[in-house]
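Below: the structure, in structure tokens.
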Amino acid sequence: MTTTEISSLLQEHRRFDPPGPFAARAHVKSEAEYRAMAARAEADPDAFWAEQARALAWSHPWTKVCDWDPPDARWFVGGKLNVAVNCLDRHLGGARANQAAILFEGEPGDVRVLTYRMLHREVCRFANALLSLGVRAGDFVAIYLPMVPEAAIAMLACARIGAPHTVVFGGFSAEALADRLKDSRARVVITADGGWRRGQVVPLKASVDRALGMPDVDSVQHVVVVRRTNNEISMRPGRDHFWDDLVAAASPVHEARGHDSEHPLFSLYTSGTTGKPKGILHTTGGYLVGAAYTTRMVFDLRDGDVFWCTADIGWVTGHSYVVYGPLASGATILMYEGAPNQPGPDRFWEMVARWGVTILYTAPTAIRAFMRWGDEWPAKHDLSSLRLLGSVGEPINPEAWMWYRKVIGGDRCPIVDTWWQTETGSIMISPLPGATSTKPGSATRPLPGIAADVVRKDGTPCGPDEGGFLVVRRPWPSMLRTIFGDHERYVKTYFSEIAGCYFAGDGARKDADGYFWIMGRVDDVINVSGHRLSTMEVESALVSHPKVAEAAVVGRPDDLKGQAIVAFVTPRSGAAAGDALAAELRAHVAEQIGALARPEEIRFAEALPKTRSGKIMRRLLREVASGAQTRGDTTTLEDQAVLEKLAQSFATDE
Ligand code: WT7
């Protein structure tokens with residue numbers, strides 16, 4: 001990059017006002033309306049959140065909106081509601097009953113449509129099936145499925161009977177599944193014979209069998225198997241049941257009862273700074289209020305929308321914006337099982353045109369891949385049904401933002417760049433598409449009700465354009481309640497770094513207009529293609545290999561993936577460093593965690609650079625790893641330098 005190119009990135013002056021016709025019909029129509037709403041929320045947060053909560057159906061009213069005993073929050077205290085009733089039963093009274101809830105398309109091209117009434121029946125049946133297996137309120141159920149309607153049905157059935165689910169992404173290995181089963185003590189695993197990915201079968205049931213054979217995986221009593229790919233699988237009598245058989249015997253009638261607002265709804269494992277993924281715990285009332293409020297506001301949902309969030313249900317985006325937020329809002333969602341380039345690079349665009357998608361929500365890494373594949377692919381299809389575009393998971397570089405706007409959105413659709421996390425449960429910082437002027441690369445401002453800020457290590461607010469730590473000053477309904485089984489880690493990770501605030505782990509700056517620019521993680525978490533991984537997790541996987549003495553893992557900027565994993569490895573004496581060992585180690589990491597953690601590059605070193613106290617000097621390794629390639633435009637040089645400094649101050653105070 002030339003100096004002029006760099007300075008143009010630092011000075012992003014392009015601004016896009018909400019298109020007039022869009023704003024005219026939007027829920028929030030202008031900057032003034034946004035400001036009034038944010039001011040109302042600021043002046044009386046409880047009244048504001050109570051108003052949002054009243055959009056849901058409660059079977060018993062709450063007595064207190066928020067009980068905040070830092071860092072512990074309880075929301076809508078004493079209230080009772082059923083998440084599945086809010087997503088389904090509530091929509092059956094009128095015309096919505098026969099509206100499509102789920103439009104499903106498998107990778108091979110098979111299609112299923114479930115109306116709200118049909119989805120309701122399937123969820124009731126499966127809820128009864130779970131009860132017949134002895135599952136009771138409070139029992140954890142693990143879900144390890146491809147993106148098929150049964151995934152949403154299983155989640156909603158669990159929610160209906162009050163059995164918290166823990167969804168494990170189908171791309172995770174048997175080892176990773178076993179860790180999550182051990183930690184959650186799940187009693188049931190719901191899986192499939194396989195799922196389709198790039199024309200191949202992902203053998204999920206075989207992974208479940210392996211996981212259940214591992215030491216200390218002893219809580220699982222039943223396995224439910226969806227027939228999807230018809231590949232050969234083994235079924236253990238008494239333990240394993242086919243989904244079809246269970247639901248055939250189950251009644252489609254299930255009277256739901258309300259669960260306490262603070263009853264656990266789900267846990268979802270995500271990477272932190274240590275090797276052990278943490279089970280982020282979300283509860284019923286607050287989570288659903290957050291998911292529903294943000295879906296309505298950020299995506300400006302209206303009748304007739306076809307909402308396509310391309311995330312897998314294995315991630316929080318799939319929980320909040322494939323299942324809970326849209327269904328609580330009575331929307332029609334599109335669900336797709338497979339890869340974006342199967343059979344060709346225009347699979348998404350062909351589907352947008354064929355299904356008449358109006359709102360598309362995807363990740364920057366996908367947008368960058370589409371850019372690379374070329375404009376001719378979207379150009380082949382009529383994308384005029386689209387009215388709004390969303391981005392999530394990592395910072396979006398201004399060039400990708402511009403391409404998304406022009407080539408996919410026809411210069412007509414607003415873009416919402418949404419910042420949030422597994423921990424926040426729902427979107428925190430984002431434009432409101434009818435109200436906020438956008439700047440390419442900025443997630444703009446916090447949603448009304450969200451007290452996000454950028455601060456220094458001592459908690460004082462940063463000045464304009466001063467890089468600092470992204471925090472949230474006040475509790476919000478969909479915040480995590482704890483790390484499952486490790487409340488101390490919850491307190492330490494999120495509420496000890498910056499006094500009195502929730503600390504997100506991200507670096508950010510606010511510009512003179514108060515717009516947020518997220519710079520990336522300041523801890524040892526890396527973001528590869530929008531997937532969160534801890535460097536320690538990958539290191540543990542590497543050192544579990546008999547030929548590895550020591551390993552250090554860092555992220556380096558990558559044009560396509562955002563960050564790529566580089567591993568520095570010292571082999572044990574006698575083991576020969578070289579391509580063969582590198583290949584063996586990459587395969588080993590994929591087996592230990594999943595293909596998404598496979599290092600892009602392995603460099604062998606006789607020794608790793610360490611401080612006198614024996615700490616690996618990651619900063620140095622990051623520089624070495626990044627220096628080897630030309631820097632992409634994914635982050636500006638200034639951002640890199642600031643982030644580096646923040647990361648240092650974060651590490652030294654640990
Ligand atoms: C981390 C959270 C929440 C959805 C999927 C990821 C990064 C997320 C953005 C954005 C810049 C973003 C942050 C955050 N991130 N959205 N719009 N701009 N960075 O959830 O796996 O919990 O990861 O993703 O670094 O901390 P997650």
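Shown here: segment 344-386, whose C-alpha atoms stretch 24, 20, 15 Å along the first, second and third principal axes, sorted largest to smallest. Any idea how far the Cα center of segment 248-317 sits from the one of segment 73-121, in Å? Measuring centre to centre over Cα atoms gives 12 Å. The fraction of accessible area contributed by carbon and sulfur in the chain is 52 percent, rounded to a whole number (1.4 Å probe; ligands and nucleic acids excluded).
Stretching Glu644 away from Thr460 to a fully extended chain increases their span by 64.2 nm, per 0.36 nm per residue minus the current alpha-carbon distance. Using a simple spin-label model with pseudo-atoms 7 Å out from Cα toward Cβ, Asp486 and Ala36 lie 4.7 nm apart. Relative to one another, the C-alpha centroids of segment 368-446 and segment 593-612 are positioned 33 Å apart. Here's the picture: a label point sits 7 Å out from the Cα of Leu133 along the beta-carbon direction, and within segment 302-333 the residues with their amide nitrogen under 18 Å of it are 314. Here Lys645 is the anchor, and the aspartates and glutamates within straight C-alpha reach of less than 18 Å, apart from those fewer than 8 places off in the same chain, are Asp458, Asp465, Glu466, Glu497, Asp506, Asp523, Asp524, Glu623, Asp653, Glu654.
In segment 300-433, inverting the average of 1/r over every pair of distinct C-alpha atoms gives 14.9 Å as the Kirkwood radius.
Once the chain from Asp67 to Ser251 is taken as fully extended at 0.36 nm per residue, the excess over their C-alpha distance is 62.3 nm.
Per residue, how much accessible area does segment 491-628 have with a 1.4 Å probe, in Å²? Could you put the intermediate results ahead of the total?
Numbers: 5710 Å² over 138 residues.
With all protein chains present, segment 491-628 gives 41 Å² per residue.
Taking every alpha-carbon pair in the chain and binning the separations at 10 Å intervals from zero gives 3, 16, 27, 29, 19, 6, 1, 0 percent. Taking every alpha-carbon pair within segment 508-588, the share separated by more than 15 Å comes to 63 percent.
Peptides 208-217, 274-283, 99-108 ordered by packing proxy, namely the average of other Cβ atoms within 10 Å per residue, highest first: 274-283, 99-108, 208-217.
Under 10 °C and 1.306 mPa s, how fast does segment 14-137 diffuse according to Stokes-Einstein, given a Kirkwood radius computed over C-alpha pairs? Answer in µm²/s, whole number. It comes out at roughly 85 µm²/s. Calculated over segment 94-183, the projected area of the Cα convex hull averaged across directions stands at 6.8 nm².
Keeping every protein chain present and rolling a 1.4 Å probe, give me the accessible area per residue for segment 166-263 in Å².
Working: 4370 Å² over 98 residues.
Each residue of segment 166-263 exposes 45 Å² on average to a 1.4 Å probe.
Alpha-carbon geometry of segment 170-294: the Rg and the Dmax are 16.8, 46 Å, given in that order. Diagonalising the gyration tensor over the Cα atoms of segment 26-85 and scaling each eigenvalue by 5 before taking the square root yields semi-axes of 25, 17, 8 Å, largest first. Per-residue ellipticity at 222 nm, computed for the chain from helices alone with -39500 (n - 2.57) per DSSP H run of at least four residues, works out to -9000 deg cm²/dmol.
Normalising the average separation of contacting C-alpha pairs (under 8 angstrom, six or more residues apart) by the number of residues puts the relative contact order of the chain at 14 percent.
The values are calculated or read from the model by the stated rules, or taken from the named source; none is laboratory data. Being a predicted model, the structure only gives us computed values, none of them experimental. Using ideal geometry, Cβ is built from the backbone for each residue, glycine included, and neighbour counts are taken over all protein chains shown. Accessible surface areas use protein heavy atoms only, side chains included; no ligands, DNA or RNA. Shrake-Rupley method; radii C 1.70, N 1.55, O 1.52, S 1.80 Å.
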